[in-house]
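Data first, discussion second: the structure below is written as structure tokens.
Just so it is clear, none of the values below were taken in a lab; they were calculated from the coordinates. Because the structure is a prediction, the values reported are computed rather than measured. Glycine also receives a Cβ, built like all others from the backbone with ideal geometry; neighbour counts cover every protein chain displayed.
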Amino acid sequence: MNFRLIFFLLWLPLVSFAQGFAGLGSGSEGFELPETNPMFQFPFDDGSHPDFRVEWWYLTANLQGDDGQDYGLQWTLFRTALSPKDYEGWSSPQLWMGHAAVTTPDAHFVTERLSRGGIGQAGVDIDPFEAWIDEWIFSGLHSNAVLRAAGPNFAYEMALSATGPRVLHGAGGYSVKSADGQASYYFSQPFLKIKGTLQLPLGDVDVTGDAWLDHEWSSKPLGANQIGWDWFSLSFDDGFKLMGFLLRGDSVFTQATLIGEDGTPVAYPDGAFSAKPIKQSKVAGRDVPTTWRVMLPDAGIDIVVTALNTQSWMDTSVPYWEGPVRFTGSHTGRGYLEMTGYE
């Protein structure tokens, strides 16, 4: 029995028999739940929170190559717990999953790593910050940071540095996800400069660009009937940034954060932000919206968001769409789009 199959047998109760997308709508018994008015402590809260069932560190980047071409990059570390009590060694209930990808206008390279916690194969340390799974590393976080991953047909090594502050979403980092009150703790570092080298089948490419890191954790972040989400992280050419998402279920629930050039956030409640599909593409045998009209009328935003590569499908244990986007209209810029729950 290979390790991948062992991992699936451990993960299966959370995914197959739970509610909401990927089991995120159930299974919180015994775990901590987010509470209103959080008081974050850094660097402690950059690290792991094993009293909560699910958590992720999610970095995406828009890059420009020295060959004149646009690229996208993803590095993600997911943690999920089988029980709320933590133990050392093979008794640890923590499961870890890493995703890495590079997107070009013509190709999308994806790879995945799976690990059981407690044996040193994956984890997150603080002060100094280091997140890892196998030889994949994200260390340093806000200054002199290093990012590294490799798959069967690609690799990258990047250097990052922050030029602005962390940004808290929702009500001071308490991010509501449904009309029934499901929530997560959620903050971002959207002010990251990134540079390094992509190793691709056609050769190495030196790149520079901008990156965005999300850190989020909860124990039941979705409602039982929420089947997926569409999440946008957009950087405007005028310096502003926008995070917005819609969660799909019996009804649509939205939230958004408009981020000023100095990092000041303005949170918008359900219904203020909207995203409507304009064009669909056939992706991995399914119809997936790859062009959107995104609107935040209170901020004068009305833009059309288009995928750099419509085929940015993450063929991983829990499959989804993730890739770089461009937008025009009332504002111009670039960003990233993640879409889950399309079958």
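Numbers at a glance
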item	result
Karplus (6.51, -1.76, 1.60) ³J(HN,Hα), θ = phi - 60°, over the stretch 218-229, in Hz, Gly and Pro reported as x	6, 10, 8, x, 10, x, 4, 9, 8, 9, x, 9
FRET efficiency, 1/(1 + (r/R0)^6) with R0 22 Å, evaluated for Lys193 and Trp56 via beta carbons	0.50
Sorted peptide list for 301-307, 47-53, 58-64, criterion being average Cβ within 10 angstrom, highest first	58-64, 47-53, 301-307
Sorted peptide list for 29-39, 70-80, 101-111, criterion being average Cβ within 10 angstrom, highest first	70-80, 101-111, 29-39
Cβ-defined net charge surrounding Leu95, 9 Å radius [Lys, Arg +1; Asp, Glu -1]	+2
Charge dipole of the stretch 3-339 about the Cα centre (unit charges at C-beta), most positive-ward option of Gln74, Val294, Pro128	Val294
Fewest-first sequence of Tyr320, Tyr87 by Cβ atoms within 10 Å of each Cβ	Tyr87, Tyr320
Proxy reagent accessibility, fewest Cβ within 10 Å first, across Lys85, Lys220, Lys195	Lys85, Lys195, Lys220
Potential lengthening between Thr291 and Asp237 on full extension [0.36 nm per residue; Cα-Cα distance subtracted]	17.5 nm
Cα centroid separation, the stretch 313-339 to the stretch 152-168 (Å)	17
Percent of C-alpha pairs per 20 Å bin, the chain, short to long	32, 63, 5
Length-normalised contact order for the chain - Cα pairs under 8 Å, 6+ apart - percent	15
Eligible lysines near Lys85 by straight Cα distance, threshold 22 Å, same-chain separation 8 or greater	Lys220
